[in-house]
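Worksheet: one structure, shown below.
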Amino acid sequence: MSFPFPLRAPALAALLTASLLGAQPAAQAAPAASAAISLDTTPRAGQHQRQLIDIQAVMKMRAEAAADATDEQRAKTAKANEQMAQMGGMKMTMQMEQTMKVGQPDAAGWLPLTVTSGSKKGTMQMGDKVIPLPDGKQGDMAITARFNPRDFSFEVQKIEGSSPEMNALMRAQGETLISQALQLPKALSQQPLKVGESVTVPFNMAMPVPVPGAGGGMQAQIHYTLVRVDKGVAYFDLGMTLDVKLDTPLPKPAAAAAAASSASAAETTDTPDAPPRMLHVVMTGGGKGTSSLRLADRLPLAGQLTMDMKMTMDGPDHQRVLMDMDMAMQTKGESLAKPATKKKP
């Protein structure tokens with residue numbers, strides 16, 4: 001996603017890479033202090049911007065046995081808690097880069113654009129052991145599309161990079177995902193703000209996962225307050241709440257899969273498959289931050305957001321895993337557009 005504010009979480013970045021085209025004030029001269037700023041988020045011809053995102057997170061996990069768990073299951077849970085306590089909190093750092101380039105409109109007013117996103121580097125630290133994250137290029141994605149600013153229509157034309165599963169997901173449901181995401185900038189465009197004024201905008205999305213039988217959704221509330229406008233730069237305070245629910249089937253254990261394969265080979269008649277073992281995930285949280293935006297070219301100059309999130313994962317084995325995550329994100333923007341050259345008289 002490409003917010004002017006660092007509203008990005010690692011778990012959501014892959015799904016929402018190209019969904020949000022920015023929530024930035026419309027291009028205009030430096031307004032008077034009493035003037036209202038329109039949160040017109042429509043991409044403009046000739047835009048070419050890059051955002052660098054730095055993410056730091058600390059995750060602490062613990063397990064709980066279900067009320068009807070057996071003594072053996074409770075013993076396994078206690079052992080798991082002991083191991084997690086010895087390991088301590090897991091620390092993650094990640095740097096991402098996102099770029100959006102908008103071309104010139106065609107005869108019908110459609111704007112061609114490309115959105116790219118990828119991880120540059122990252123590490124995971126568990127205790128004293130620092131582990132580099134897998135090659136970020138495996139998750140890189142480039143989407144070629146076109147956008148109609150009159151009605152916010154969006155058509156995905158080409159997808160490159162990323163995993164085969166994510167490519168298949170974006171080809172099948174990418175336009176639906178992006179259409180849902182565009183409801184945020186569309187709503188913001190109808191809410192001009194003066195200094196000191198605030199607006200709260202809901203942001204809800206279905207979250208299909210590239211796994212058969214999986215699904216879920218995200219609900220969020222995003223609160224913007226215009227603090228000041230100085231020399232053509234708007235300064236915002238922001239807050240948000242987040243609620244995510246996700247259900248996904250778990251792969252069969254290797255031993256069980258092998259046994260099922262042997263049994264299937266021995267049988268001469270088809271038998272219905274057993275229902276999949278499901279993992280139910282609930283994540284809630286909130287955050288606060290600030291952001292500065294240059295109005296002349298709608299460039300998010302810098303932003304920071306701190307978030308506290310709690311995640312609950314309920315599996316099929318009478319065990320619940322709880323995770324607390326503290327996350328800090330910083331963004332820095334730059335314009336890659338070439339300055340317009342004046343024609344000689």
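Only the coordinates and a few stated rules stand behind these numbers; no lab work does. Here the structure is a predicted model, which is why all the values come from computation and not from measurement. Note: ideal-geometry Cβ built from the backbone for every residue, glycine included; neighbour counts use all protein chains shown.
Taking θ as phi - 60° and the Karplus parameters 6.51, -1.76 and 1.60, the scalar couplings of region 180-190 work out to 5, 5, 5, 5, 5, x, 5, 5, 5, 5, 9 Hz in sequence order, x denoting glycine and proline. Amide H to amide H distances under 5 Å link Glu197 with Leu226, where only residues 5 or more positions off or on other chains count and H is placed in the peptide plane.
Between Ala78 and Gln191, the FRET efficiency from the beta-carbon distance, with R0 = 45 Å, is close to 0.30. Mean separation of Cα pairs under 8 Å and 6 or more residues apart, divided by the residue count, gives region 101-161 a relative contact order of 31 percent.
Charged neighbours of Leu226, selected by a Cβ distance under 10 Å, balance to 0 (K, R count +1; D, E count -1).
For region 47-135, the ratio of Cα radius of gyration to the globular rule of thumb 2.2 N^0.38 Å stands at 1.85. Only one residue of Gln83, Gln51, Thr116 has its Cα farthest out toward the positive end of the dipole of region 43-145, where Lys and Arg carry +1 and Asp and Glu -1 on Cβ, and that residue is Gln51. For region 194-202, the Karplus equation 6.51 cos²θ - 1.76 cosθ + 1.60, evaluated at θ = phi - 60°, returns couplings of 9, 4, x, 8, 9, 8, 10, 10, x Hz by residue, with Gly and Pro reported as x.
Add +1 for every Lys or Arg and -1 for every Asp or Glu among the other residues with Cβ under 15 Å from the Cβ of Gly109, and state the total. Net charge in that neighbourhood comes out at 0.
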